[in-house]
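Step one of this worksheet: look at the structure below.
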Amino acid sequence: MTENPIHKRTLGWREALSIPSLGVEEIIAKVDTGARTSAIHAFFVEPFKAADGRDWVRFGLHPLRQEQQPELVVEAPVKDRRQVSDSGGHSEERYVIETVLKIGDETLVAEVTLTDRETMAYRMLLGRTALRGRFIVDPDLSYACSAPQRHPNA
């Protein structure tokens, strides 16, 4: 990883990362400093109550760009529900989960919203809240922190 004088890691405009708690070995994220919260592709979302009464969500995701396989169905506790506006100004209520992300040798906890990104080029956005205090972004770079290992269409 590239380090700069103020001891923050440098990310490129896209990075490969993993989400171990969701079983995602690798997903390519577009680094988006214009987005406050990170977002991940969820092609279906089903809320449910856990045995202890807490709110959880079950959702399906396709971690590989432009591919329908593998298809993962995962569960996570709900942290929040929020109105989120996309870059086109459309607003929708989204479930928010909190999960661990691994980018290169960095591990961080991030809030991630669940939304259908099927038509988008990247199945995940890495927003500025997850980046704050740890990373800077160099838009001239791609995969500055972590190159893809499993993505045929990266």
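Derivation of every value follows stated rules applied to the coordinates shown; laboratory data play no part. Values in this document were obtained by computation on a predicted structure and should not be read as measured data. Heads up, the Cβs are rebuilt from the backbone with ideal geometry, glycines too, and the neighbour counts pull from every protein chain shown.
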(message) What are the ³J(HN,Hα) couplings of the range 34-46, residue after residue, when phi is run through the Karplus curve with 6.51, -1.76, 1.60 and θ = phi - 60°? Round to Hz, x for glycine and proline.
(response) x, 9, 5, 10, 5, 9, 10, 5, 10, 7, 8, 9, 10
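For the range 41-154, what is the relative contact order in percent, using Cα pairs closer than 8 Å and at least 6 residues apart in sequence? Walk me through the intermediate numbers first.
Values: 170 pairs, mean separation 24.7, N = 114.
Computed over the range 41-154, the figure is 22 percent.
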(message) Could you tell me how far the Cα centroid of the range 5-29 sits from the Cα centroid of the range 90-154, in Å?
(response) 6 Å
(request) Could you tell me which of A147, T10, I27 has its Cα farthest along the dipole of the chain towards the positive end, charges placed at Cβ (Lys, Arg +1; Asp, Glu -1), taken about the Cα centre? (result) T10
(message) Going by amide H atoms built from the backbone, whose H comes under 5 Å of the H on W13, apart from near neighbours?
(response) L141, S142, Y143
(message) What are the ³J(HN,Hα) couplings of the range 14-24, residue after residue, when phi is run through the Karplus curve with 6.51, -1.76, 1.60 and θ = phi - 60°? Round to Hz, x for glycine and proline.
(response) 9, 9, 8, 9, 10, 10, x, 5, 9, x, 8
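What is the antiparallel percent of DSSP beta bridges lying wholly in the chain, to the nearest 5?
On the way: 35 of 46 bridges.
Roughly 75 percent of the DSSP beta bridges within the chain come out antiparallel.
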(message) Checking the table K49/K79; K30/K79; K8/K30 against a 21 Å threshold on Cα-Cα, which pairs fail?
(response) K30/K79
(request) Calculate, for H7 and K79, the FRET efficiency according to 1/(1 + (r/R0)^6) with r their C-beta to C-beta distance and R0 35 Å; round to the nearest 0.05. (result) 0.75
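Assigning unit charges at the beta carbon (Lys, Arg +1; Asp, Glu -1) and nothing else, what dipole magnitude in debye, to the nearest 20, does the chain show about its Cα centre? Please list the in-between numbers first.
Details: 20 positive and 23 negative charges, 61 e Å.
Dipole magnitude for the chain comes out near 300 debye.
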(request) On each of the three principal axes of the Cα atoms of the range 41-154, give max minus min coordinate, whole Å, ordered largest first. (result) 45, 34, 32
(request) Can you check what the net charge comes to around V112, using other residues whose Cβ is under 10 Å from the Cβ of V112 (Lys, Arg +1; Asp, Glu -1)? (result) 0
(request) Provide the per-residue ³J(HN,Hα) series for the range 81-97, in order, calculated from phi with Karplus coefficients 6.51, -1.76, 1.60 and θ = phi - 60°, each as a whole number of Hz, with x at glycine and proline positions. (result) 10, 9, 7, 10, 9, 7, 5, x, x, 7, 10, 8, 7, 10, 6, 10, 10
(request) Can you tell me how much longer the chain between T33 and R132 gets when fully stretched, taken as 0.36 nm per residue apart minus their C-alpha distance, in nm with one decimal? (result) 34.7 nm
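Around V84, with a cut-off of 13 angstrom between Cβ atoms, what is the net charge of the other residues, counting Lys and Arg +1 and Asp and Glu -1? If you can, show how the numbers build up before the last one.
Numbers: positive: R36, R81, R82, R94, R117; negative: D32, D80, D86, E92, E93, E111, D116.
Taking every Cβ under 13 Å from that of V84, the sum is -2.
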